[in-house]
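Following: one structure in structure tokens, then a few remarks.
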Amino acid sequence: MTIDRGAPVRGHRGGTAVECAATAGAERAAVMTEAGLRLDLSYAAFCETHEPAWRALALTRIGSQADAALVVEAVKADLARCWPQVLRFEEPAAYAWRLANRHVGDWVSAEEPVEVEAVTFAAVIGAFKQVADGLLHSEADEVRLYAAILELPDRQRDVVILRYLLGLHTRVIAAYLSRPVATVHSNLRHARERLARRLGVGELPDRGGEA
């Protein structure tokens, strides 16, 4: 078939083709805008739900509210940059927790040890006072407990922060850490044993939320 490039174009065909292309482009733009809006909303909701956990982790390990806030913002910025990919993970919360741990670890390793702010110390110890009622007899006990929390192995410290500071159910913790519930129970038991030994008591009760 020979195409006659000099032949006049029938107006209704050309007009229709241009109109359809414009309409299709507008529809694609609308779809992309709607998809982007859904991503933005899901990201905002995710951060609102999980930011308290990241903040508790950062506060406990860093000790400064201002520095912890910077770390949390860095976590959120990283998540925002790759949010569509994060949603493809089986447990986005677990990925975000690992990311938060990495940011906190980088901050801690890069900075000189700093004195824990009084408000942060009070918040952490206050949470444990509700759990270990009657076991903290002096300020020295409280200092030993805080130091013992920081010295826990990573897996146990994560569970302790999520369980005692936030009072999360072990099933929720398992999702955060991408571990079986039985493993979370085991981590928690060993953490309580370590903390109890540091306090010189026989047992640290588990009253940080549901079993």
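The values are calculated or read from the model by the stated rules, or taken from the named source; none is laboratory data. For clarity, every value in this text was computed on a predicted model and none was experimentally measured. Every residue, glycine among them, receives a Cβ derived from its backbone with ideal geometry; neighbour counts consider all protein chains shown.
Data for the structure
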item	result
Which listed residue, of 105, 167, is at pLDDT 85 or above and assigned by TED's automatic domain parsing to the domain that holds residue 56	105
Pair list, Cβ under 8 Å, 6 or more apart: segment 73-100 residue on the phi < 0 side of the Ramachandran plot and without any contact (Cβ under 8 Å) to a residue 12 or more places away in the chain, other residue surrounded by 13 or more Cβ atoms within 10 Å (Cβ to Cβ) and of a type in the set (A, V, I, L, M, F, W, C)	86/79; 86/96; 95/86
So residue 16, is it hydroxyl-bearing (Ser, Thr, Tyr), out of contact with any strand residue (DSSP E or B) (no Cβ under 6 Å at 6 or more places or on another chain) and modelled with pLDDT under 50	yes
Test: residue in segment 30-43 that is at pLDDT 50 or above, closer than 30 Å to residue 125 by Cα and among the small types (Gly, Ala, Ser)	no
First in segment 114-125 and free of Cβ contacts under 8 Å to residues at least 40 places away in the same chain, second anywhere and part of a helix (DSSP H, G or I) and not aliphatic (A, V, I, L, M), Cβ under 8 Å, 6 or more apart	125/142; 125/146
Residue within segment 97-115 that is in a helix (DSSP H, G or I), surrounded by fewer than 18 Cβ atoms within 10 Å (Cβ to Cβ) and acidic (Asp, Glu) present	yes
Matching residues, segment 152-182, being surrounded by fewer than 16 Cβ atoms within 10 Å (Cβ to Cβ) and without any contact (Cβ under 8 Å) to a residue 24 or more places away in the chain	153, 171, 180, 181, 182
Residue within segment 164-187 that is aromatic (Phe, Trp, Tyr) and touching a Gly at 6+ places or on another chain (Cβ under 6 Å) present	yes
Only one of 93, 127 that is at pLDDT below 90 and either under 24 Å from residue 170 (Cβ atoms) or assigned to a helix (DSSP H, G or I) (or both)	127
Residue match in segment 106-123 (condition: of a type in the set (A, V, I, L, M) and within 19 Å of residue 199 (Cα to Cα))	yes
